[in-house]
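Novice: The structure is given below, and queries will be raised subsequently.
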Amino acid sequence: MNAGGTYEVIIVGGGPAGLTAGLYCKRAALETVLIEKGLLGGQIAISKDVENYPGVEGITGFDLSERLVRHARAFGLKIVQEEVTEIRTGIDFHSVRLASGDLLIARALILSVGGTVRKLGVPGEAEYLGSGVSYCATCDGFFFRDLTVAVVGGGDTAVEEALYLSKLTKKVYLIHRRDSLRASRILQNRLVSEPKIEIVWNTVIREILGDGKKVRAVTLEDVRTGEGRELSADGVFIFIGYSPNSHLIPPEVRVNEQGFVITDDRCATSVPGIFAAGDIRQKFANQIVVAAADGCVAALAAAHYVEVQRA
Ligand code: NAP
């Protein structure tokens, strides 16, 4: 599809924030295109169950993302599945270059590029990726039926995924670097009542060990005593948060020290006409409902911006 041309709004990123922004832009009758290089739905497309999206009691991430896409398309949103290679700021118009070479320009851009899973950065992690090391329990849990796995992290994702893995595996070690979890109370309560899960507190993984073909153990270190030990595990699932996908963010757009985009309450960035929504935006909570709300706010603010510019 030739996507090049002039639009009123270009949305970069097709997760809940971008898709909601698309829906609102189309309802505001703005000439809009959404660009997504990977899976539409973003991170939620590979999430297991979503239990906290208001009004939707229990749905898989995949089904929710399909609904979001269908809903946005129903309002006529043009979606282009291609990689963005460059975003440039301008005075009246900003531009987006695609891998195909197509150039798109628009008065307003909505950046909803999300984040990427964070890596532990220990020996063995890259080597055994796909052979015991995983960042997605829904995708890979099946391969560890009746085996022992280690899960790393203390947030909602780690706890949810540990609970999921406990249904399939023989034993789950939840390895956390502190003595308390960051995860919500409801998930913590479920965790402690699951007998197959053992929490290993104040501990980090120093190395992932294997036999050359697949993972067989991890080397642990107690952060209080410095003591090391080996723990047998057939798989290591890592859920330690994510980093912003900031490599496409133009240098004129202000970001914080971690690379998250700084916005005002209209999701406006430091560059007029550029808005940020969802996980790329600096904020307190990264939830699907918050990403969707960001998409709405960014689209309404972009619509207002375009209207003022046109006048
Ligand atoms: P998160 O809340 O940032 O938690 C990351 C966890 O990994 C923390 O426990 C952190 O430890 C640990 N960690 C970070 N770097 C580490 C390292 N290098 N080595 C060892 N441990 C490390 O990330 P998340 O769990 O992916 O959640 C992201 C956001 O999505 C959150 O706002 C969360 O509430 C939301 N979420 C919600 C749901 C739900 O409501 N159903 C599900 C999933 C995610 P410390 O605690 O010591 O910092």
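The values are calculated or read from the model by the stated rules, or taken from the named source; none is laboratory data. Computed from a prediction, not measured in an experiment: that's the story for all the values here. Glycine also receives a Cβ, built like all others from the backbone with ideal geometry; neighbour counts cover every protein chain displayed. The protein model used for the area step is the full one, side chains on, heavy atoms only, and it has no ligands, DNA or RNA in it. Shrake-Rupley method; radii C 1.70, N 1.55, O 1.52, S 1.80 Å.
Novice: May I ask you to verify whether GLU161 is of a type in the set (Asp, Glu) and in a helix (DSSP H, G or I)?
Specialist: Yes: the conditions hold for GLU161.
Novice: Then there is this: Do we find that VAL236 is touching a residue at least 24 places away in the same chain (Cβ under 8 Å) and either open to solvent by 80 Å² or more (accessible area, probe 1.4 Å) or more than 30 Å from ALA277 (Cβ to Cβ) (or both) in this structure?
Specialist: yes
Novice: Here is a follow-up. Which one is most open to solvent (accessible area, probe 1.4 Å) among residues in the stretch 43-68 that are assigned to a loop (DSSP other than H, G, I, E, B) and near the ligand (Cβ under 10 Å from one of its atoms)?
Specialist: GLU51
Novice: Could you list, in sequence order, all residues of the stretch 104-148 that are within 16 Å of the ligand (Cβ to nearest atom), open to solvent by less than 50 Å² (accessible area, probe 1.4 Å), more than 30 Å from LYS26 (Cβ to Cβ) and part of a strand (DSSP E or B)?
Specialist: Within the stretch 104-148, VAL133, SER134 qualify.
Novice: When the stretch 288-311 is examined, which residues are found to be more than 28 Å from the chain's Cα centre (by Cα) and crowded, with 18+ Cβ neighbours inside 10 Å?
Specialist: Answer for the stretch 288-311, where residues must be more than 28 Å from the chain's Cα centre (by Cα) and crowded, with 18+ Cβ neighbours inside 10 Å: just VAL306.
Novice: Another question, then. Give just the number: which of (1) more than 8 Å from the ligand (Cβ to nearest atom); (2) touching a residue at least 60 places away in the same chain (Cβ under 8 Å); (3) open to solvent by 10 Å² or more (accessible area, probe 1.4 Å) does GLU160 not satisfy?
Specialist: That leaves (1) as the condition not met.
Novice: Determine which single condition ALA126 fails, assuming it passes every other condition in (1) closer than 25 Å to LEU39 by Cα; (2) touching a residue at least 60 places away in the same chain (Cβ under 8 Å).
Specialist: Single failed check for ALA126: (2).
Novice: Another question about this same structure. Limited to the stretch 257-287, what total is found for residues that are open to solvent by 20 Å² or more (accessible area, probe 1.4 Å), assigned to a loop (DSSP other than H, G, I, E, B) and out of contact with any Ser or Thr (no Cβ under 6 Å at 6 or more places or on another chain)?
Specialist: Number satisfying all stated conditions: 15.
Novice: Just one of (1) surrounded by 16 or more Cβ atoms within 10 Å (Cβ to Cβ); (2) touching a residue at least 40 places away in the same chain (Cβ under 8 Å); (3) within 14 Å of the ligand (Cβ to nearest atom) trips up SER243, so point out which.
Specialist: (1)
Novice: Residue by residue through the stretch 82-103, note down the ones that are in a strand (DSSP E or B), among the hydrophobic types (A, V, I, L, M, F, W, C) and open to solvent by 50 Å² or more (accessible area, probe 1.4 Å).
Specialist: Scanning the stretch 82-103 gives a single hit, LEU103.
Novice: Kindly indicate whether any position in the stretch 3-24 is within 16 Å of the ligand (Cβ to nearest atom), touching a Phe, Trp or Tyr at 6+ places or on another chain (Cβ under 9 Å), in contact (Cβ under 8 Å) with a residue 24 or more places away in the chain and open to solvent by 50 Å² or more (accessible area, probe 1.4 Å).
Specialist: There is no residue in the stretch 3-24 that is within 16 Å of the ligand (Cβ to nearest atom), touching a Phe, Trp or Tyr at 6+ places or on another chain (Cβ under 9 Å), in contact (Cβ under 8 Å) with a residue 24 or more places away in the chain and open to solvent by 50 Å² or more (accessible area, probe 1.4 Å).
Novice: What strands (runs of 3 or more DSSP E) lie completely within the stretch 167-215 and have 1 or more residues being exposed (fewer than 14 other Cβ atoms within 10 Å of the Cβ) and more than 10 Å from the ligand (Cβ to nearest atom)?
Specialist: Those strands (runs of 3 or more DSSP E) span 197-200.
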